[in-house]
1. Output the residues belonging to the stretch 183-219 that are within 17 Å of the chain's Cα centre (by Cα) and over 22 Å from GLN303 (Cα atoms).
2. Limited to the stretch 114-130, what total is found for residues that are under 16 Å from THR140 (Cβ atoms) and open to solvent by less than 10 Å² (accessible area, probe 1.4 Å)?
3. Given the criterion touching a residue at least 40 places away in the same chain (Cβ under 8 Å) and touching an Asp or Glu at 6+ places or on another chain (Cβ under 6 Å), identify the matching residue among VAL162, VAL200.
4. Taking the condition at pLDDT below 85, among the aromatic types (Phe, Trp, Tyr) and either open to solvent by 40 Å² or more (accessible area, probe 1.4 Å) or over 19 Å from GLN320 (Cβ atoms) (or both), does PHE189 pass?
5. Does HIS168 meet the test of being within 30 Å of PRO197 (Cα to Cα) and open to solvent by less than 10 Å² (accessible area, probe 1.4 Å)?
6. Given the structure, is LYS184 within 30 Å of GLU118 (Cβ to Cβ) and open to solvent by 30 Å² or more (accessible area, probe 1.4 Å)?
7. Hey, does the stretch 109-117 have a residue that's under 21 Å from VAL162 (Cα atoms), within 39 Å of the chain's Cα centre (by Cα) and in a loop (DSSP other than H, G, I, E, B)?
8. Restricting the stretch 385-406 to residues that are surrounded by fewer than 12 Cβ atoms within 10 Å (Cβ to Cβ) and in a loop (DSSP other than H, G, I, E, B), which is modelled with the highest pLDDT?
Amino acid sequence: MSTTQQGTHSLAFRVMRLCKPSFHVEPPFRLDPADLFVGEDIFDDPLAAANLPPLLSSQLTKSMDSSDLTYGNRFLLHHPSDAMGFSGLLLLPQSFGAIYLGETFCSYISINNNSNFEVRDIIIKAEIQTERQRILLLDTSKSPVESVRAGGRYDFIVEHDVKELGAHTLVCTALYNDNDGERKYLPQFFKFVVANPLSVRTKVRTVKETTYLEACIENHTKSNLYMDQVEFEPAPHWSATVLKADELHPADNSSTGGREIFKPPILIRSGGGIHNYLYQLKLASPDSAQMKVEGTNILGKLQITWRTNLGEPGRLQTQQILGTPISRKEIELQILEIPSLINLDKSFLVHLNLTNHTDRELGPFEVQLSQNSAHEEKKVMINGLQTMVLPQVEAFGSTDFHLSLIATKLGVQRISGITVSDTTEKKTYDPLPDVEIFVGSD
């Protein structure tokens, strides 16, 4: 961070970032006296385990004598926690440090009077300037600071939720009356860069009517991140369920009733640690069919909150995550029921359903069996009129009907080529997939 100021001024800004302290770590090499004489397996011997610790303890007590000015015990472990190097002290920030997206930038600003006389009627402004905007944090125009005595100061704290990456400038300005009554303007600039604390990589895969979203979160900071919440907020018409390997049943994100009262945070280690989340998405609302036809592919977004080692919070929201556009046929024909017993040369009814997935009325329709080849004789045919006429089907509606068929050969046969045609639009849709049946004798 750098500061600039113009001319000679009585006042000067001093800025200190307010953030949690860090642990003061002393990394001296310390050891246990037992390690100098014996190995770890010595205590496997019951006799040594009973007699050696008291012997070492007595020698260690002698070496810790306060009258020993050689400090020969300075490398000894006086307590098991000494191996961690923690001194028990907390260290205040020694520099501006790294500032990450999603954090709250908090700064303690002091305007000091370095002159030998009093400064009066001070209007102070503090702003954050980014590449896109300028945000006002403090403005005393309506209530100027009455005076700052010689050698005195005026302190204040500003906060800003960091929502943009890249270069930022904390702009501090003061308009004041000097000792000779001259009105002076002091600008000072404190620059810092906002980095991305983590990256989110997503992968979307659709299997039939279910969409799976995998989110991989990677920690780019120099400290561990404890993820309080990584929740997927689905777009309208979608419901989201988080899938976990250690749970028999998935937890539904769309309802708060099943959430845990306390959920331990997930640790993502510093310097590239990752954690993967898997969500199952399904279309849930009555208007889902219309959304499918329109091809909308917005799935939703992730809400991520975390804390650092000493509890400083951070929060990010991803952009809308897009999935593969769901393509659905205008008309869908499916078999609902086939008789379990089908006899040779005896008619049987197949229960079918025709669904209109568009937002307009379609039809009338004709249902018939198409021929795969002119020389191939079908073993299952329509019984009666070879073309069945169906009425119009309303938008997003469906109709059930029965088709009378007859089998002309014993054994395993196929019902193939059931085709629907729209007589108004002169359009023929793809035939129904083949279905195998078993034809027996009376």
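The values are calculated or read from the model by the stated rules, or taken from the named source; none is laboratory data. What you are looking at is a predicted structure, and each value in this text was computed from that prediction instead of being measured. Positions of Cβ are backbone-derived with ideal geometry, glycine not excepted, and every protein chain shown enters the neighbour counts. Surface areas here come from the heavy atoms of the whole protein model, side chains and all, with no ligands, DNA or RNA. Shrake-Rupley method; radii C 1.70, N 1.55, O 1.52, S 1.80 Å.
1. If the condition is that a residue be within 17 Å of the chain's Cα centre (by Cα) and over 22 Å from GLN303 (Cα atoms), then no residue fits.
2. Quick first cut of the stretch 114-130, residues under 16 Å from THR140 (Cβ atoms) only: 119-127.
Now narrow it down to the ones that are open to solvent by less than 10 Å² (accessible area, probe 1.4 Å): 119, 122, 124, 126.
Looking only at that region, the number is 4.
3. Numbers: VAL200 fails: touching an Asp or Glu at 6+ places or on another chain (Cβ under 6 Å).
None of the others qualify; the one that does is VAL162.
4. On the way: at pLDDT below 85: no; among the aromatic types (Phe, Trp, Tyr): yes; either open to solvent by 40 Å² or more (accessible area, probe 1.4 Å) or over 19 Å from GLN320 (Cβ atoms) (or both): yes.
Considered against the rule, which asks whether it is at pLDDT below 85, among the aromatic types (Phe, Trp, Tyr) and either open to solvent by 40 Å² or more (accessible area, probe 1.4 Å) or over 19 Å from GLN320 (Cβ atoms) (or both), PHE189 comes out as no.
5. Working: within 30 Å of PRO197 (Cα to Cα): yes; open to solvent by less than 10 Å² (accessible area, probe 1.4 Å): yes.
Yes, satisfied.
6. Numbers: within 30 Å of GLU118 (Cβ to Cβ): yes; open to solvent by 30 Å² or more (accessible area, probe 1.4 Å): yes.
In short, yes.
7. Taking the stretch 109-117 and keeping what is under 21 Å from VAL162 (Cα atoms), we get 109.
Filter again for within 39 Å of the chain's Cα centre (by Cα), leaving 109.
Now restrict to residues that are in a loop (DSSP other than H, G, I, E, B): none.
No, there is no match, as no residue in the stretch 109-117 is under 21 Å from VAL162 (Cα atoms), within 39 Å of the chain's Cα centre (by Cα) and in a loop (DSSP other than H, G, I, E, B).
8. PRO391
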